[in-house]
1. Restricting region 172-186 to residues that are under 16 Å from the mean Cα position of the chain (by Cα) and touching a residue at least 40 places away in the same chain (Cβ under 8 Å), which is farthest from residue 215 (Cα to Cα)?
2. Is it the case, given these coordinates, that residue 166 is surrounded by 15 or more Cβ atoms within 10 Å (Cβ to Cβ) and within 19 Å of the chain's Cα centre (by Cα)?
3. Looking at residue 135 and the list (1) under 22 Å from the mean Cα position of the chain (by Cα); (2) over 27 Å from residue 54 (Cβ atoms); (3) surrounded by 15 or more Cβ atoms within 10 Å (Cβ to Cβ), which single condition is not satisfied?
4. Inside region 10-21, can you point out the residues that are surrounded by 22 or more Cβ atoms within 10 Å (Cβ to Cβ) and either at pLDDT 90 or above or under 10 Å from residue 93 (Cα atoms) (or both)?
5. Can you name every residue in region 35-57 that is assigned to a loop (DSSP other than H, G, I, E, B) and either closer than 29 Å to residue 6 by Cβ or modelled with pLDDT of 95 or more (or both)?
6. For region 58-91, give me each residue that is within 25 Å of residue 177 (Cα to Cα), modelled with pLDDT of 70 or more and out of contact with any helix residue (DSSP H, G or I) (no Cβ under 6 Å at 6 or more places or on another chain).
7. With 169, 199, 189, 142 as the choices, which residue is touching a residue at least 60 places away in the same chain (Cβ under 8 Å) and outside any helix (DSSP H, G or I)?
């Protein structure tokens, strides 16, 4: 007799910097979403796919929920709403290392709906047991299906989380082939890798004004891809910071990005980067479309 197959879309939501992308990467087992310590790193909804013999989990990573101040921010919040439409399970992620009243209010706001809702208390490696028990006590009376403490960074609790998700998925089809890990096109993944390096290395005032456009990906010969990309910033002063003294910062970004892109594509890469000033691009519909943030 055939075993029933279970599948579904699991949307991951949380406040900025709660560890959503780190968690999805850990669950998928590959880096399908960029990660940095800066808030609002994720700008689009990103799918990560995990397939087992009897189930398939399609995780939807979303931007951190915040009050938008630009059209880009509005697009980001729209992507969260889109990701919550038609989902089969909701994972609400909270960073316990900085848990406070605002986090509790957010968790309470997400405590609604008829689908399974999992409250994920992340970054348990950063607090002691007494503090974790205190937080669990503050959330115990909510109507979440399960409250699961984890550390996405260390992997603690992820096996329990995976089993809980699988047990709450409905019967359904296999949405993606077995070897699929993400639905993101290569061009977007490459652009995100470049942006990640900027987030890691640049000053706090610069990264949120950065966008990356892939101009061309051309195979020069077997196992050699040439990639041309523009890094957009909003101020002339930021352009100088991105390039750095004698071009050192841009060289660092390019070297680190190229290494990750080569791992992604499985071939050698020649990466050409240019820095362009586009004032207020985060509020320009045409720029948002060109950079892949709107249809």
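The values are calculated or read from the model by the stated rules, or taken from the named source; none is laboratory data. For clarity, every value in this text was computed on a predicted model and none was experimentally measured. Because the Cβ atoms are built from the backbone with ideal geometry, glycine has one as well, and the counts that use them run over all protein chains shown.
1. Just the residues of region 172-186 that are under 16 Å from the mean Cα position of the chain (by Cα), to begin with: 181-186.
Cutting the leftovers down to touching a residue at least 40 places away in the same chain (Cβ under 8 Å) gives us 181-184, 186.
Working: 181: 25, 182: 22, 183: 21, 184: 17, 186: 13 Å.
Top of the filtered list is 181.
2. Working: surrounded by 15 or more Cβ atoms within 10 Å (Cβ to Cβ): yes; within 19 Å of the chain's Cα centre (by Cα): no.
Here the answer is no, as residue 166 does not meet what is asked.
3. Against the list (1) under 22 Å from the mean Cα position of the chain (by Cα); (2) over 27 Å from residue 54 (Cβ atoms); (3) surrounded by 15 or more Cβ atoms within 10 Å (Cβ to Cβ), residue 135 comes up short only on (1).
4. Going residue by residue through region 10-21, those that are surrounded by 22 or more Cβ atoms within 10 Å (Cβ to Cβ) are 10-14, 18-21.
Selection gives 10, 11, 12, 13, 14, 18, 19, 20.
5. Taking region 35-57 and keeping what is assigned to a loop (DSSP other than H, G, I, E, B), we get 35-45, 52-54.
Across region 35-57, the qualifying residues are 35, 42, 44, 45, 52, 53, 54.
6. 58, 85, 86, 87, 88, 89, 90, 91
7. Details: 199 fails: outside any helix (DSSP H, G or I); 189 fails: outside any helix (DSSP H, G or I); 142 fails: touching a residue at least 60 places away in the same chain (Cβ under 8 Å).
Being touching a residue at least 60 places away in the same chain (Cβ under 8 Å) and outside any helix (DSSP H, G or I) holds for just one of 169, 199, 189, 142, which is 169.
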